[in-house]
Every structure is written in structure tokens, then in C-alpha cells.
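Below is one structure, written out as C-alpha cells; the observations come after it.
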Amino acid sequence: MSVKARVTKNGAVLLGCSVACDAFDDSMPLRVVTHAHADHLSGLRKSLKFCSKVLMTHATRDLAETLNESLNLREAPLETVDYGKVIRYGAEQIMLVKADHILGAAQVLIEDAGGIRIGYTGDFRIDGTPVLECDILVVEATYGSPSCRRSFNVDVRELLVSMVEKRLRGGTVYVFGYHGKLQEVMQLLRDADVSVPFVMPERVYQVTKVCEQHGMRLGCLSLSTDKEGHELLDGNLPCVAFYHMNSRQYVGLRNARICVSGWEFHLPCRQIGEREHLVALSDHSDFDGLIEYVRRSKAKHIITDNYRSQGAVLAKEIRKRLGVSAVAMPRNTGQTTL
Ligand SMILES: [Zn+2]
């Protein structure tokens, strides 16, 4: 079989003859950024310099720009693309398809001159992600081990809302998470009619503003450095403070604290400190979700991303459970092609 898809040792997901996703590759004229998380922006400066087109959704462009102020994402070769729009390049057609992960996240589907369909999931959560039906599929493998299953019999979102509501009676509640996930929690709380102010530092505020520009409705927001934010936090008044996970050691040490993370599989909620709980809210599919996606894609050749996560176990499980060809790339010994 000719070379249709592979993952390079630099983490570029190469699809068809022209597309490199989520890292720079000097053999490909097109670069696609599936979403604004840092491990998918690799080599973007080089792509902007050497590629003929750099494609991403409008929301991903705005988030990437907010998180990397020195990048110029306003000029060619950058092009923002809507979900479902077909881009033609040479004999290939390229389309971005929604992925349920963070704002703006996309999957990538290529159809080559011979009608072969090649898909790449990027990061995704199966619930809200349309499955790409394709011949060859590159799939993320973050929770690619059978030990990574979340079969809780409670709704984690409802649990999170009720935990925040309960703790607000004692004053400020701190929520720690990654960009994108924090804003998902904000939306969950607003949808559940939690109307207290949300307080956050500058960077989280900027990301939240981008989410609002793209349709999220997040109510009253205050900067932690403004007078109002100071008063709320210093007075331990009822509000929710949202901080990046990296700030966990430094802020809100005397308050009720909730960390949102996908790396929890046994309990929907676990106490991890005197006033601190971890809630298993993930923006990736668990193991069962990954297998289900691959099954529904009907792809006959699967490549698991072995650059951003340990793809070998998932490849083995796909072969065993679905009886289709599956390899992890890059291989530890170097690049392999399918
Ligand atoms: Zn991601």
C-alpha cells in the first residue's frame, strides 16, 4: 500500500500528499492546526514561514493568538476555515469537521484523487463528535489503555455543579483546570443558573473573552487584579475563581478547591486535600469511546498517535477487538509508514 498517512517523529500527522497536521513537516505544503492546545501548535512559526497555507478554524486562530501573543495569525498564509467547507489542493480535498474537545477543535478529512478517504480525529470526546467514515484513520490515544475507563453511574457535570453550589455557601470556590476546560465549567455553571461573579487572572480572562466572542454566554466576569476582583477574593465573598492548573500551588489555599481533570477513572469525585477535590471531567474520550469511534469509522487501517500519548496499547487493543490493521506511530525505533 502506498504512503497515505503517518505520524513523524516530530509529531506531524501527515495525511495524503499535502497535509501536515499539528506539527511542522518540510515535505508538506499545507499545515492544519486541529486546536489551540500547545502540543498541537508545534512548529507553527515555521509553518507560517514555509507553508503555502496554514488552516484552522476562526476560533482556534483567536485562541492560539491569545495564548501566544508573539504569533502573527492575521496574514497569509494563514486561512481560517469553517467546519464542512471543502478546500481543494492539487488533486485532494480537505475538510475540517467539528470535534467535541475545546472551542474551535476540528477533525481533518482528506479525500485523494482515487477517492480514498483519510481521517484524523485530533483530540476529541465521543459524545459530541461526528465520526469520520474513512478508509484510513489516525486516532488520538490519550486514554488508549483498557485501564482508562470512566463508567461512573453519576452525571459528572451535575455533580460538579452541585459541589460548587454547596461550597459557595462558605464563600469563594476555586476551580483549577486547563484552558478550554475552565470555560466549559463556566458554561456548565451558568447553564445551571449559578449567577455569582466569576473571577480570574488576565490570561484566563482573555481566553474566556474569546470564548464569548464565539458564542459562549458566561455572565459577570471580573479580573482578579481589578478592585472588584480583589474585594471578592480578599473578602471570601461568594464567587467562583478560575485559575490555570499551574497556579494550584499558589492561590486559594484556604478555600474550597475543585480541580477538573480527565486523569481519574475510579471515582467521579475524589478528595485530594483538606478542602480540595478532583472531579473527573474530561475533554477526551476514555478507552471505550476511542474503540467505539474506530469501530464506527469503518476504517480498515488505523494509526494511533504514539507521539502525544502511548499509542501502542491502543493499537494492540484495536487489532484484538476489531480485527483491523492498527499500528502506533511514530515507532520508537523511527518513522514507519502505512
Ligand atoms: Zn487538546
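The values are calculated or read from the model by the stated rules, or taken from the named source; none is laboratory data. Worth saying up front: this structure is predicted, and the values here are computed from it rather than measured. Don't worry about glycine lacking a Cβ; one is built from the backbone with ideal geometry, like all the others, and counts go over all protein chains shown. The accessibility values were calculated without ligands, DNA or RNA, using every heavy atom of the protein model including side chains. Shrake-Rupley method; radii C 1.70, N 1.55, O 1.52, S 1.80 Å.
Here are a few things to note about the model shown:
- Of 247, 282, all but one fail to be under 25 Å from residue 21 (Cα atoms) and under 22 Å from the mean Cα position of the chain (by Cα); the exception is 282.
- Some residue of segment 7-15 being open to solvent by less than 10 Å² (accessible area, probe 1.4 Å), at positive phi and touching a residue at least 40 places away in the same chain (Cβ under 8 Å): yes
- Within segment 28-42, residues that are assigned to a loop (DSSP other than H, G, I, E, B) reach partners that are of a type in the set (Val, Ile, Thr) and within 8 Å of the ligand (Cβ to nearest atom) with beta carbons closer than 8 Å, at six or more positions or on different chains, in the pairs 35/102; 36/102; 37/102.
- Test for residue 135: is it acidic (Asp, Glu), out of contact with any Leu (no Cβ under 9 Å at 6 or more places or on another chain) and closer than 23 Å to residue 183 by Cβ: no
- Residues considered: 170, 177, 122. Of these, the only one that is under 30 Å from residue 223 (Cβ atoms), within 16 Å of the ligand (Cβ to nearest atom), touching a strand residue (DSSP E or B) at 6+ places or on another chain (Cβ under 8 Å) and among the small types (Gly, Ala, Ser) is 177.
- With respect to the conditions (1) outside any strand (DSSP E or B); (2) under 17 Å from the mean Cα position of the chain (by Cα), residue 138 lacks only one, and its number is (1).
- Of residues in segment 125-150 being closer than 30 Å to residue 267 by Cβ, of a type outside the set (A, V, I, L, M) and more than 16 Å from the ligand (Cβ to nearest atom), the one surrounded by the fewest Cβ atoms within 10 Å (Cβ to Cβ): 147
- For segment 199-217, the tally of residues that are closer than 19 Å to residue 281 by Cα and either in a loop (DSSP other than H, G, I, E, B) or touching a Gly at 6+ places or on another chain (Cβ under 7 Å) (or both) stands at 1.
- Of all residues in segment 14-57, those satisfying the criterion of being over 21 Å from the mean Cα position of the chain (by Cα), within 20 Å of residue 329 (Cα to Cα) and not charged (D, E, K, R) are 16, 17, 18, 27, 28.
- Number of positions in segment 278-295 that are buried (at least 17 other Cβ atoms within 10 Å of the Cβ), more than 16 Å from the ligand (Cβ to nearest atom) and not β-branched (Val, Ile, Thr): 3
- Qualifying residues in segment 316-333 (those that are assigned to a helix (DSSP H, G or I) and in contact (Cβ under 8 Å) with a residue 24 or more places away in the chain) - the one surrounded by the fewest Cβ atoms within 10 Å (Cβ to Cβ): 321
- Single condition residue 298 does not satisfy, out of (1) at pLDDT 95 or above; (2) surrounded by fewer than 17 Cβ atoms within 10 Å (Cβ to Cβ); (3) within 16 Å of the ligand (Cβ to nearest atom): (3)
- When residues of segment 73-124 are limited to those that are assigned to a strand (DSSP E or B) and among the polar types (S, T, N, Q), the one surrounded by the most Cβ atoms within 10 Å (Cβ to Cβ): 107
- Yes/no for residue 198 being more than 30 Å from residue 312 (Cα to Cα) and among the aromatic types (Phe, Trp, Tyr): yes
- Test result for residue 115, more than 26 Å from residue 49 (Cβ to Cβ) and in contact with a helix residue (DSSP H, G or I) (Cβ under 8 Å, 6 or more places away or on another chain): no
- Filter result for residue 173 (farther than 21 Å from residue 253 by Cα, modelled with pLDDT of 95 or more and buried (at least 17 other Cβ atoms within 10 Å of the Cβ)): no
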